[in-house]
Amino acid sequence: MTLPLAGLRVLDLTQVFAMPGAGMYLADQGADVIKIEPPTGDTGRSVFTMAPIKNESRAFWVLNRNKRSVVIDLQKPAGRALIHRMARDADVFIHTQRIGTDKKLGIDYETIRGINPRIIYVGFTAYGKQGPLAKLRGYDLLVQGLSGMSGRRRMPNGKPRLSGIWAIDLAASVIVPYAIVLALRHRDATGEGQQIDSSLLHTAVALQMVDLVRVQGHTDPPGSTDALAQATYGSYECADGEYVQVAIASDVEWRNLCRATGQEPLIDDPRYKDNAGRLENSDDLWGIFTDIFKSRTAKAWSEIFVQHDVPGIHVLPPQEVFEHPQALANDVFLDIDQPGIGRTRMSNIPFRFEKIGGHRFTPAPALGQHTDEVLREMGLEAAEIASLRDNGVIK
């Protein structure tokens, strides 16, 4: 069966984590995503590496599956001419170069649009294209700080608490493909290409759309903890040192929690009759439930939650998620044979179509694995390819 984006050609000049994920999602749905890398490779290949292959990041494998790798040195005029030639027939062009660097490399919007007016162009930045920080180098962690994400989650001593994952990078990987598909729909109707302006800052604010509205006009003390941390919405240590989390959002769930923990008298206590009262008296409830949850193991509590219809869960270490029966039953992972490694388990496409199937997954490419293949498809002769390689333009 033909995938939704089959026939779409994407030039992916992205690095590290945020936008390589955008290209991955397009490739997962059938787009021909050509990853253009410098001779040294995407920085993401060597960031946060771990065994078994030195200088090969597991994160890179996940974010670059289903792509083809072509090495072009854009520092050389012949390399820039080559990418311009590729842009003639491309539908989408994505890069993550800083403002100003894109123009030096000949991949700014004005240049690419002049070559192909129908192209959908994404120059993704950290902080946006305007303002005092626009030209600065930026990463997920820094934008967590700028956007208030770190500031609203603090340790008891006031130190910012990090999210623990590259939340902004990976959310941007979903948001930008959504924007690209909308721009393609517009092109289908009008024939017009266009530029899409998005950034890590845009994404970080979107992720906090509810929380930023909640905190307007309020100032948390320096030592405040997570704004969401309440006795009825938080984590508790159990008898075995593991944790459970509960998320009580209604009076019915509150009553169920009280019955599950043997605290029926709390149901009729006027201090806790509604969410507002439970929030106001959260410190008292923390003390009560902290002691109660230490009386049983996390597994035992998770079984009790099910029996009493309590929204609660056993907090798993990441390594155990791969084999959890709920994850397996819903195919949230897939296995790909990564050359030199063997079978690697990674996240699957996070949705299922009723009518569309036939997804095929190929491993992340080796550096320059498809250079000759792609150039031949463009009509370059063997002698021209050899000359480009001899002059260090390709690899």
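The values are calculated or read from the model by the stated rules, or taken from the named source; none is laboratory data. Remember, it's a predicted structure, so these values are computed and weren't measured experimentally. Cβ coordinates were reconstructed from backbone atoms using ideal geometry, including for glycine residues, and neighbour counts include every protein chain displayed.
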Among (1) at positive phi; (2) at pLDDT 95 or above, TYR236 falls short only on (1)
### Query
Do the conditions hold for ARG80, that is, is it farther than 19 Å from ILE175 by Cβ, at pLDDT 95 or above and part of a helix (DSSP H, G or I)?
yes
**Item:** Residue within the stretch 175-183 that is in the same structural domain as ARG118 (by TED's automatic domain parsing), within 14 Å of the chain's Cα centre (by Cα), surrounded by fewer than 20 Cβ atoms within 10 Å (Cβ to Cβ) and under 30 Å from ALA90 (Cβ atoms) present
**Value:** yes
Among strands (runs of 3 or more DSSP E) completely within the stretch 258-357, the ones holding 1 or more residues that are surrounded by 14 or more Cβ atoms within 10 Å (Cβ to Cβ) and without any contact (Cβ under 8 Å) to a residue 24 or more places away in the chain are 333-338
*Is it fair to say PHE93 is at pLDDT below 95 and surrounded by 22 or more Cβ atoms within 10 Å (Cβ to Cβ)?*
no
Picked from the stretch 1-14 (must be in a loop (DSSP other than H, G, I, E, B) and at pLDDT 95 or above), the residue farthest from the chain's Cα centre (by Cα) is GLY7
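For (1) at negative phi; (2) in contact with a Pro (Cβ under 6 Å, 6 or more places away or on another chain); (3) crowded, with 23+ Cβ neighbours inside 10 Å, each residue gets a yes or a no:
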residue: LEU26; (1), (2), (3): yes, yes, yes
residue: GLU37; (1), (2), (3): yes, no, yes
residue: PHE48; (1), (2), (3): no, no, no
residue: VAL62; (1), (2), (3): yes, no, no
residue: VAL70; (1), (2), (3): yes, no, yes
residue: ASP89; (1), (2), (3): yes, no, no
residue: THR101; (1), (2), (3): yes, no, no
Listed by range, helices (runs of 4 or more DSSP H) wholly within the stretch 126-226 having at least 2 residues that are of a type in the set (S, T, N, Q) are 167-190
Within the stretch 374-395, of all residues that are under 33 Å from the mean Cα position of the chain (by Cα) and not in a helix (DSSP H, G or I), the one surrounded by the fewest Cβ atoms within 10 Å (Cβ to Cβ) is MET378
Within the stretch 18-43, residues within 18 Å of ILE180 (Cβ to Cβ), out of contact with any strand residue (DSSP E or B) (no Cβ under 8 Å at 6 or more places or on another chain) and assigned to a loop (DSSP other than H, G, I, E, B) come out as GLN29, GLY30
Residues in the stretch 238-258 that are within 14 Å of PRO317 (Cα to Cα) and under 29 Å from the mean Cα position of the chain (by Cα) total 4
All-but-one check, VAL122 against (1) β-branched (Val, Ile, Thr); (2) more than 27 Å from ILE385 (Cα to Cα); (3) part of a loop (DSSP other than H, G, I, E, B), failing number (3)
Subset of the stretch 130-174, residues under 30 Å from LEU3 (Cα atoms) and without any contact (Cβ under 8 Å) to a residue 60 or more places away in the chain, comes to ALA167, ALA171
Taking the stretch 67-81 and keeping residues within 17 Å of GLN369 (Cβ to Cβ) and either among the hydrophobic types (A, V, I, L, M, F, W, C) or out of contact with any Gly (no Cβ under 9 Å at 6 or more places or on another chain) (or both) leaves ARG68, VAL70, VAL71, ILE72
Residue hits (the stretch 358-373; assigned to a loop (DSSP other than H, G, I, E, B) and either closer than 22 Å to GLY44 by Cβ or of a type in the set (D, E, K, R) (or both)) are ARG360, PHE361, THR362, PRO363, ALA364, PRO365, ALA366, LEU367, GLY368, GLN369, HIS370
